[in-house]
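See structure below.
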Amino acid sequence: MINLVLKLSARDLVHADLASCGWAGSDHHLTSVAKQLERVRTGEVDYLAVCAATDIPVAKGGVDYQVKKGVGTLWQLAVHPALQSCGIGTFLVEAAELRIRNRGLRQAELGVEESNPRARALYEKLGYVAYDRQPDSWDEQASDGSLHRYETMCTLMRKELT
Ligand SMILES: CC(C)(COP(=O)(O)OP(=O)(O)OC[C@H]1O[C@@H](n2cnc3c(N)ncnc32)[C@H](O)[C@@H]1OP(=O)(O)O)[C@@H](O)C(=O)NCCC(=O)NCCS
């Protein structure tokens, strides 16, 4: 086994990145990310890319400032499947929290599916506390291109940023 050190940086995700973000989800998902990038221009959203030396995204995720006044809501967090459990998700969440603090806000929130205990454990380790649960749903694209409504239950979590 070889231990590698990756130099990570966080920057804004841009439209040109989407062609190399196929690992993050279906074409339908990437189309929805492209729409969110339009909201970045109006300041409603920050959308981050985490990159290593090649400047190609290995993780991405958004912060929506419109869900709740005064709160940055993290969503659509994803790390390249081949690079999960290496600390990149932690780096992504911390970069997102910095964006929230840079706007003068002190509250971060997110929703995590009840079927995703590993992600929940990570958020707990980073200081997020569950305060409620809420159903959620979105369109998912099957391999034949068809769309299906996916319904799920999420735990809502929040963190006071110091
Ligand atoms: C959830 C997700 C974003 C987390 O990203 P990640 O890069 O895997 O997260 P991290 O590596 O920072 O932390 C996760 C695990 O790695 C461990 N870890 C953290 N830093 C580490 C390091 N330097 N070396 C080894 N392991 C490390 C953590 O302790 C944690 O371990 P655990 O699984 O026992 O809790 C990612 O797994 C993912 O994209 N999953 C699929 C999509 C998804 O579920 N998105 C979340 C929706 S809410």
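Quick one: accessible surface of residue 137, probe radius 1.4 Å, all protein chains present, in square angstrom to the nearest 10.
My reading of the accessible area for residue 137 is about 40 Å².
Can you compute the radius of gyration and Dmax for the chain, using only the Cα atoms, both in Å?
Reported Rg and Dmax, both Å: 15.6, 48.
Taking a ≥ b ≥ c as the square roots of the Cα gyration tensor eigenvalues, with a/c under 1.5 meaning rounded and otherwise prolate when a/b beats b/c, else oblate, which class fits segment 81-162? Intermediate values should be presented prior to the final figure.
Working: a/c = 1.91, a/b = 1.55, b/c = 1.23.
Verdict is prolate for segment 81-162.
Counting only heavy atoms of protein chains, what accessible area per residue, in Å², does segment 9-160 have with a probe of 1.4 Å? Present the calculation step by step, with values, prior to reporting the outcome.
Numbers: 8220 Å² over 152 residues.
Accessible surface, normalised per residue, equals 54 Å².
Sort 41, 101 by heavy-atom solvent-accessible area, probe 1.4 angstrom, most to least. Mind showing how you got there, number by number?
Details: 41 190, 101 80 Å².
The ordering from most to least exposed comes out as 41, 101.
Rounded to a whole number, what % of the accessible area of the chain do carbon and sulfur atoms account for, probe 1.4 Å?
52 percent
With a 1.4 Å probe and every protein chain left in place, tell me how much accessible area residue 56 has, in Å² to the nearest 10.
About 80 Å², rounded to the nearest 10.
Per DSSP helix of 4 or more residues, -39500 (n - 2.57); summed, then divided by the residues of the chain. What does that give at 222 nm, rounded to the nearest 500? Kindly include the intermediate steps, with their values, before the conclusion.
Values: 3 runs with 39 residues, N = 162.
That calculation yields -7500 deg cm²/dmol at 222 nm.
Provide 68, 159, 125, 60 ordered by accessible surface of protein heavy atoms (probe 1.4 Å), highest first. Walk me through the intermediate numbers first.
Working: 68 80, 159 40, 125 155, 60 5 Å².
So the residues, ranked largest to smallest area, are 125, 68, 159, 60.
For the chain, what is the percent of antiparallel DSSP beta bridges, rounded to the nearest 5? Display every interim value, and only then the final one.
Details: 35 of 39 bridges.
Beta bridges within the chain, antiparallel portion: roughly 90 percent.
The values are calculated or read from the model by the stated rules, or taken from the named source; none is laboratory data. On a predicted model such as this, the values are computed, not experimentally measured, just so you know. Side chains included, ligands, DNA and RNA excluded: accessible areas come from the protein's heavy atoms. Shrake-Rupley method; radii C 1.70, N 1.55, O 1.52, S 1.80 Å.
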